[in-house]
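This report concerns only the one structure given below.
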Amino acid sequence: MRSQSSSEAPQTIPGNNNTQQDVLGWPDAKDTAPTAALPVSESGTQSGSLVAQEAIEPVSPETTETMSIQVPAEYDFDSGEVIFEPTTVEKTPAVLGAVLATLFENESRNGTYNGYVFESVSIQNGVAQVNLSGSHFPVGDMSMMYFRQFIEAAVFQYEVNTVIVYVNGNLFDFCVDDMSGGENGCPDLPRYWITERS
(Lines give C-alpha, C1' and ligand atoms only; values in the text may rest on other atoms or scores of the structure.)
Protein backbone atom coordinates (compact mmCIF):
# COMPACT_ATOMS: atom_id res chain seq x y z
CA MET A 1 0.00 0.00 0.00
CA ARG A 2 1.54 3.28 -1.07
CA SER A 3 0.98 6.42 0.96
CA GLN A 4 0.51 9.81 -0.58
CA SER A 5 3.81 11.58 -1.15
CA SER A 6 4.56 14.11 1.51
CA SER A 7 5.55 17.71 0.93
CA GLU A 8 9.04 18.74 1.88
CA ALA A 9 8.06 22.41 2.06
CA PRO A 10 8.28 23.76 5.61
CA GLN A 11 5.25 25.40 7.10
CA THR A 12 5.48 29.15 7.72
CA ILE A 13 3.49 31.54 9.83
CA PRO A 14 2.72 34.88 8.14
CA GLY A 15 4.38 37.81 9.84
CA ASN A 16 3.23 41.38 10.28
CA ASN A 17 4.02 43.36 7.13
CA ASN A 18 2.44 46.60 8.32
CA THR A 19 4.76 49.61 8.56
CA GLN A 20 5.10 50.82 12.12
CA GLN A 21 4.61 54.54 12.75
CA ASP A 22 5.26 56.82 15.70
CA VAL A 23 2.22 58.58 17.20
CA LEU A 24 2.20 62.33 16.56
CA GLY A 25 1.53 64.48 19.60
CA TRP A 26 -1.29 66.99 19.38
CA PRO A 27 -1.51 70.37 21.20
CA ASP A 28 -3.36 70.47 24.49
CA ALA A 29 -7.02 69.62 23.92
CA LYS A 30 -8.06 72.68 25.98
CA ASP A 31 -6.42 75.06 23.50
CA THR A 32 -7.32 73.60 20.14
CA ALA A 33 -8.82 70.50 18.48
CA PRO A 34 -6.70 68.16 16.36
CA THR A 35 -6.30 69.24 12.77
CA ALA A 36 -6.14 67.13 9.63
CA ALA A 37 -2.91 65.34 8.79
CA LEU A 38 -0.33 67.47 7.03
CA PRO A 39 0.39 66.81 3.35
CA VAL A 40 3.21 64.47 2.47
CA SER A 41 5.74 65.41 -0.19
CA GLU A 42 7.03 63.04 -2.86
CA SER A 43 10.15 62.52 -0.77
CA GLY A 44 8.02 61.05 2.01
CA THR A 45 8.39 63.98 4.46
CA GLN A 46 5.53 65.98 5.87
CA SER A 47 5.41 69.69 5.18
CA GLY A 48 4.39 72.18 7.85
CA SER A 49 5.33 72.66 11.47
CA LEU A 50 5.15 69.00 12.53
CA VAL A 51 8.34 66.95 12.55
CA ALA A 52 8.66 64.55 9.60
CA GLN A 53 8.41 60.87 10.42
CA GLU A 54 11.27 58.55 9.55
CA ALA A 55 10.52 55.60 7.28
CA ILE A 56 10.58 52.27 9.15
CA GLU A 57 11.52 49.04 7.42
CA PRO A 58 8.66 46.49 7.31
CA VAL A 59 8.91 43.54 9.70
CA SER A 60 10.17 40.39 7.97
CA PRO A 61 7.76 37.42 8.06
CA GLU A 62 8.56 34.90 10.76
CA THR A 63 9.78 31.51 9.62
CA THR A 64 8.80 28.35 11.47
CA GLU A 65 11.59 26.01 12.54
CA THR A 66 11.17 22.56 11.04
CA MET A 67 12.44 19.01 11.54
CA SER A 68 12.56 15.80 9.54
CA ILE A 69 10.68 12.70 10.70
CA GLN A 70 10.42 9.16 9.33
CA VAL A 71 6.85 8.12 8.50
CA PRO A 72 5.79 4.57 7.52
CA ALA A 73 4.80 4.54 3.86
CA GLU A 74 4.96 1.01 2.41
CA TYR A 75 5.14 -2.62 3.50
CA ASP A 76 7.62 -4.91 1.75
CA PHE A 77 6.19 -8.44 1.72
CA ASP A 78 9.50 -9.96 0.61
CA SER A 79 11.44 -8.65 3.60
CA GLY A 80 8.52 -8.25 5.97
CA GLU A 81 9.70 -4.74 6.74
CA VAL A 82 8.08 -1.33 6.69
CA ILE A 83 9.59 1.28 4.38
CA PHE A 84 9.76 4.80 5.81
CA GLU A 85 9.47 8.12 4.01
CA PRO A 86 11.25 11.26 5.28
CA THR A 87 8.84 14.12 5.88
CA THR A 88 9.41 17.72 6.97
CA VAL A 89 7.11 19.05 9.67
CA GLU A 90 7.01 21.91 12.14
CA LYS A 91 9.49 21.30 14.94
CA THR A 92 7.96 19.91 18.13
CA PRO A 93 9.20 18.04 21.21
CA ALA A 94 6.35 15.52 20.66
CA VAL A 95 8.13 13.73 17.82
CA LEU A 96 6.21 10.43 17.98
CA GLY A 97 2.94 12.33 18.04
CA ALA A 98 4.00 14.17 14.88
CA VAL A 99 4.88 10.86 13.18
CA LEU A 100 1.52 9.27 14.00
CA ALA A 101 -0.45 12.40 13.10
CA THR A 102 1.31 12.54 9.71
CA LEU A 103 0.76 8.80 9.16
CA PHE A 104 -2.98 9.14 9.76
CA GLU A 105 -3.13 12.21 7.55
CA ASN A 106 -1.35 10.40 4.70
CA GLU A 107 -3.45 7.23 4.94
CA SER A 108 -6.83 8.77 5.74
CA ARG A 109 -9.88 8.33 3.56
CA ASN A 110 -12.76 10.73 4.22
CA GLY A 111 -10.97 11.99 7.31
CA THR A 112 -10.29 8.64 8.99
CA TYR A 113 -7.80 5.79 8.70
CA ASN A 114 -9.83 2.56 8.61
CA GLY A 115 -12.49 4.45 10.52
CA TYR A 116 -10.13 5.74 13.21
CA VAL A 117 -8.72 9.13 14.15
CA PHE A 118 -5.42 9.62 15.97
CA GLU A 119 -5.93 11.50 19.23
CA SER A 120 -2.71 11.32 21.26
CA VAL A 121 0.25 9.22 22.38
CA SER A 122 2.15 9.06 25.65
CA ILE A 123 5.29 7.23 26.66
CA GLN A 124 6.04 6.17 30.22
CA ASN A 125 8.64 3.66 31.41
CA GLY A 126 9.13 2.33 27.88
CA VAL A 127 5.41 1.80 27.27
CA ALA A 128 3.69 3.80 24.53
CA GLN A 129 -0.06 4.29 24.82
CA VAL A 130 -1.68 5.26 21.52
CA ASN A 131 -5.17 6.74 21.82
CA LEU A 132 -7.60 6.57 18.89
CA SER A 133 -11.25 7.43 18.41
CA GLY A 134 -13.81 6.30 15.89
CA SER A 135 -15.29 3.00 14.76
CA HIS A 136 -14.04 0.13 12.62
CA PHE A 137 -14.32 0.75 8.88
CA PRO A 138 -11.49 -0.93 6.93
CA VAL A 139 -10.96 0.17 3.33
CA GLY A 140 -9.63 -3.15 2.01
CA ASP A 141 -8.86 -6.79 2.78
CA MET A 142 -5.28 -6.08 3.90
CA SER A 143 -5.90 -2.64 5.33
CA MET A 144 -5.86 -3.71 8.98
CA MET A 145 -2.60 -5.58 8.50
CA TYR A 146 -1.00 -2.42 7.11
CA PHE A 147 -2.67 -0.41 9.86
CA ARG A 148 -1.06 -2.49 12.59
CA GLN A 149 2.35 -2.77 10.90
CA PHE A 150 2.57 0.98 10.25
CA ILE A 151 1.57 2.07 13.75
CA GLU A 152 3.90 -0.38 15.47
CA ALA A 153 6.79 0.51 13.14
CA ALA A 154 6.24 4.19 13.86
CA VAL A 155 6.33 3.62 17.62
CA PHE A 156 9.26 1.20 17.71
CA GLN A 157 11.53 3.73 15.98
CA TYR A 158 12.01 5.15 19.45
CA GLU A 159 13.02 3.85 22.87
CA VAL A 160 9.78 1.96 23.44
CA ASN A 161 9.45 -1.68 24.51
CA THR A 162 5.66 -2.04 24.43
CA VAL A 163 2.82 -0.42 22.50
CA ILE A 164 -0.75 -0.48 23.79
CA VAL A 165 -3.56 0.90 21.63
CA TYR A 166 -6.86 2.24 22.93
CA VAL A 167 -9.94 3.28 20.97
CA ASN A 168 -12.62 5.46 22.56
CA GLY A 169 -10.98 4.86 25.94
CA ASN A 170 -11.05 1.05 25.70
CA LEU A 171 -8.34 -1.43 24.75
CA PHE A 172 -8.36 -2.01 21.01
CA ASP A 173 -9.72 -5.54 20.39
CA PHE A 174 -8.78 -7.12 17.05
CA CYS A 175 -11.88 -9.27 17.32
CA VAL A 176 -13.57 -6.29 15.65
CA ASP A 177 -11.83 -7.40 12.44
CA ASP A 178 -12.33 -11.16 12.93
CA MET A 179 -14.23 -12.87 10.14
CA SER A 180 -13.90 -16.47 11.37
CA GLY A 181 -17.37 -16.66 12.86
CA GLY A 182 -15.99 -17.61 16.26
CA GLU A 183 -13.45 -20.18 15.10
CA ASN A 184 -10.58 -18.02 16.37
CA GLY A 185 -12.15 -17.60 19.79
CA CYS A 186 -13.61 -14.14 19.18
CA PRO A 187 -15.37 -12.48 20.80
CA ASP A 188 -15.13 -14.70 23.90
CA LEU A 189 -11.32 -14.48 23.85
CA PRO A 190 -10.41 -10.83 23.21
CA ARG A 191 -7.30 -10.09 21.14
CA TYR A 192 -6.14 -6.85 22.66
CA TRP A 193 -3.61 -4.68 20.88
CA ILE A 194 -0.63 -5.02 23.21
CA THR A 195 2.61 -5.64 21.36
CA GLU A 196 6.08 -6.19 22.78
CA ARG A 197 9.17 -5.23 20.83
CA SER A 198 10.50 -8.35 19.09
Return a yes/no flag: does region 51-61 have any residue that is in a loop (DSSP other than H, G, I, E, B), modelled with pLDDT under 95 and under 26 Å from the mean Cα position of the chain (by Cα). yes
Taking residue 111 as meeting all but one of (1) at pLDDT below 95; (2) on the phi < 0 side of the Ramachandran plot; (3) out of contact with any helix residue (DSSP H, G or I) (no Cβ under 6 Å at 6 or more places or on another chain), write down the number of the exception. (2)
For region 168-198, how many residues are modelled with pLDDT under 90, farther than 16 Å from residue 152 by Cβ and of a type in the set (S, T, N, Q)? 2
What tally of residues in region 133-160 results from selecting those that are closer than 14 Å to residue 96 by Cβ and in contact with an Asp or Glu (Cβ under 9 Å, 6 or more places away or on another chain)? 2
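The values are calculated or read from the model by the stated rules, or taken from the named source; none is laboratory data. Note that the structure is a prediction, hence the values are computed from the model and not measured. A quick note on method: Cβ atoms are made from the backbone with ideal geometry, for glycine too, and the neighbour counts reach across all protein chains shown.
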